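The values are calculated or read from the model by the stated rules, or taken from the named source; none is laboratory data. Please read these numbers as outputs of a predicted model, since none were measured by experiment. Cβ coordinates were reconstructed from backbone atoms using ideal geometry, including for glycine residues, and neighbour counts include every protein chain displayed.
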Amino acid sequence: MALVTPGTNPFPLNRNSSNASSGRATPTPSPTDAERRTIELSTSLDHATRYAFADLLAAILRMDFIESSDENKEFSEETLELIMKHLKLPEKTNRSIRAHLVGEGTTDDLVALITMVKSDAFLQKNGMTVLLADMVTIFVDTGRYDCRYRVLMRHVAALLAVHWDAVEEIEDTLTHLLIEQQYDESDPKADE
């Protein structure tokens with residue numbers, strides 16, 4: 001699940017403040033946090049969109065990772081399971097997508113999958129960034145958001161015509177929110 005305000009950047013940055021050391025914008029939570037709502041993609045997206053998106057990710061994982069090493073094969077399988085669980089696809093659909101991950105009965109017609117994802121009414125209204133923000137959030141939730149997830153996100157963003165800067169903004173803001181949450185949880189003054 002990702003926290004987003006429909007129709008806006010799900011992880012806005014405060015462009016007026018800058019980090020003195022890097023000159024980069026400092027991510028801050030949206031001023032409308034109280035109005036933010038949780039969007040459950042498994043109910044917001046059509047079944048066909050969820051299938052196409054999972055199959056698109058399976059194709060990317062297969063082409064980029066599955067054959068390079070046992071460790072990357074395990075990463076691909078675990079990532080696909082995570083995605084399918086998150087999208088709440090039926091088990092019969094999941095079996096088909098698992099087979100596609102290893103190249104059985106798959107199509108490499110990524111254009112058809114991309115077109116199906118982009119034609120979803122919810123995504124047309126709210127933008128592809130919502131989908132990518134949701135993916136970054138569930139990947140970070142694993143506790144091991146490494147370069148392979150970033151490579152996967154870079155390819156998904158490129159295929160869905162989302163500028164990489166938008167994904168980096170999502171990552172930066174999520175990092176800021178996690179640090180802020182960790183600080184709040186460990187603040188010794190809060191216990192006094």
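Some points to look at:
- If the condition is being touching a residue at least 60 places away in the same chain (Cβ under 8 Å), of a type outside the set (Asp, Glu) and over 18 Å from Val167 (Cβ atoms), then segment 120-151 contributes Ala121, Phe122, Lys125.
- Per this entry, Ser68 is counted among residues that are under 24 Å from Val136 (Cα atoms) and assigned to a loop (DSSP other than H, G, I, E, B).
- Among the conditions (1) among the acidic types (Asp, Glu); (2) over 19 Å from Asp64 (Cα atoms); (3) in a loop (DSSP other than H, G, I, E, B), Asp165 misses just one, which is (3).
- Test: residue in segment 160-172 that is without any contact (Cβ under 8 Å) to a residue 24 or more places away in the chain and within 13 Å of the chain's Cα centre (by Cα): yes
- Residue within segment 105-115 that is within 16 Å of the chain's Cα centre (by Cα), under 21 Å from Leu45 (Cα atoms), at pLDDT 95 or above and among the hydrophobic types (A, V, I, L, M, F, W, C) present: yes
- If you go through segment 121-139 and keep only what is closer than 14 Å to Glu168 by Cα and among the small types (Gly, Ala, Ser), you end up with just Ala133.
- Looking only at segment 33-59, and only at residues there that are surrounded by fewer than 19 Cβ atoms within 10 Å (Cβ to Cβ) and touching a Leu at 6+ places or on another chain (Cβ under 7 Å), the one that is modelled with the lowest pLDDT: Arg36
- Single match in Val151, Val140, Val156 (criterion: at pLDDT below 90, in a helix (DSSP H, G or I), closer than 22 Å to Glu71 by Cα and aliphatic (A, V, I, L, M)): Val140
- Residues satisfying the stated conditions in segment 162-190, i.e. at pLDDT 75 or above and small (Gly, Ala, Ser): Ala166
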